[in-house]
1. Could you identify the single residue in 32, 41 that is buried (at least 21 other Cβ atoms within 10 Å of the Cβ) and either within 12 Å of the ligand (Cβ to nearest atom) or over 30 Å from residue 146 (Cα atoms) (or both)?
2. For region 200-215, indicate whether the set of residues that are part of a helix (DSSP H, G or I) and at negative phi is non-empty.
3. In region 1-26, which residue that is touching a helix residue (DSSP H, G or I) at 6+ places or on another chain (Cβ under 8 Å) and surrounded by fewer than 16 Cβ atoms within 10 Å (Cβ to Cβ) is farthest from residue 256 (Cα to Cα)?
4. State whether the residues of region 242-260 include one that is within 16 Å of the ligand (Cβ to nearest atom) and within 30 Å of residue 159 (Cα to Cα).
5. Consider residue 49 carefully, then state whether it is within 14 Å of the ligand (Cβ to nearest atom), in a helix (DSSP H, G or I) and closer than 24 Å to residue 244 by Cβ.
6. In region 108-117, is there at least one residue being away from the ligand (no atom under 16 Å from the Cβ) and either under 17 Å from residue 63 (Cβ atoms) or in contact with a helix residue (DSSP H, G or I) (Cβ under 6 Å, 6 or more places away or on another chain) (or both)?
7. Going through region 134-151 one residue at a time, which ones are away from the ligand (no atom under 11 Å from the Cβ) and either more than 14 Å from the chain's Cα centre (by Cα) or assigned to a helix (DSSP H, G or I) (or both)?
8. Return the total of residues in region 229-252 being surrounded by fewer than 17 Cβ atoms within 10 Å (Cβ to Cβ) and either part of a strand (DSSP E or B) or in contact (Cβ under 8 Å) with a residue 60 or more places away in the chain (or both).
Ligand code: KIV
């Protein structure tokens, strides 16, 4: 059993092997996901919507993220665990360090994820210089929903696309070791992925990135708010949840998912 580390993911990117990421919030699904071959389990603050039933991810607290991350970590031997820094938990570099410390020490996370571009560069540098591995998150950043107005595709015009390309490069230069791109046009996501040395994981970002992530409940077709257009219900037609998870892993590795209809 070889543990998945950031080195593994870097090798996968270099060799063109797709990285499979899935959100996870509890021990049972974490174990099944790992057994199906998922490389990275993301303890996403999407739990605020799919587990807790909130309208957005904003109410999720650091203690709740620590609790769910610890549940996932307890069940895993091989997968890498990334935990979200929730809304208002990383307003200053020192606050971010305190949050990351809890997620790693109490929550067992191997990496933390922070939403946002240029304003997060200083924080990412502060964390990575202090041995906290960081995954950046650009495109649709759900913690900014009340600024964005709606969950919609980002980077469609030349100005915002250029800003995203520059933000991605700056976040990598600040030490980020992975990047999630959410709801971004396929061509832009591909350009960002080719520009960067670090793995780029897409959700609604087309097939031409280094890996894919979905919200677990979306890929099982059971999300309370309905399944977004960029997701596929892998439970439909499967023989059960372990089979659905295996189908997701196989579909990402073979680039059968995402198809054109899941991309922008
Ligand atoms: O919170 C989450 O689940 C996420 C993914 C959608 C990337 O950030």
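A short reminder: the numbers here are calculations on the coordinates, not readings from a lab. It should be emphasised that the depicted structure is a prediction, and the values quoted were computed from it without experimental measurement. Here the Cβ is made from the backbone with ideal geometry for all residues, glycine too, and neighbour counts use every protein chain on show.
1. Details: 32 fails: buried (at least 21 other Cβ atoms within 10 Å of the Cβ).
One residue alone meets the criteria, 41.
2. Taking region 200-215 as the starting set, the residues that turn out to be part of a helix (DSSP H, G or I) are none.
No, every residue in region 200-215 fails to be part of a helix (DSSP H, G or I) and at negative phi.
3. So the first thing to find is which residues in region 1-26 are touching a helix residue (DSSP H, G or I) at 6+ places or on another chain (Cβ under 8 Å), and the list is 2, 17-20, 22-26.
Okay, now just the ones that are also surrounded by fewer than 16 Cβ atoms within 10 Å (Cβ to Cβ), so 2, 17.
Values: 2: 26, 17: 13 Å.
By that ranking, first place goes to 2.
4. Yes, because at least one residue in region 242-260 is within 16 Å of the ligand (Cβ to nearest atom) and within 30 Å of residue 159 (Cα to Cα).
5. Details: within 14 Å of the ligand (Cβ to nearest atom): yes; in a helix (DSSP H, G or I): yes; closer than 24 Å to residue 244 by Cβ: yes.
Yes, satisfied.
6. Among the residues of region 108-117, at least one is away from the ligand (no atom under 16 Å from the Cβ) and either under 17 Å from residue 63 (Cβ atoms) or in contact with a helix residue (DSSP H, G or I) (Cβ under 6 Å, 6 or more places away or on another chain) (or both), which makes the answer yes.
7. Passing the criteria: 144, 145, 146, 147, 148, 149, 150.
8. Matching residues across region 229-252 total 1.
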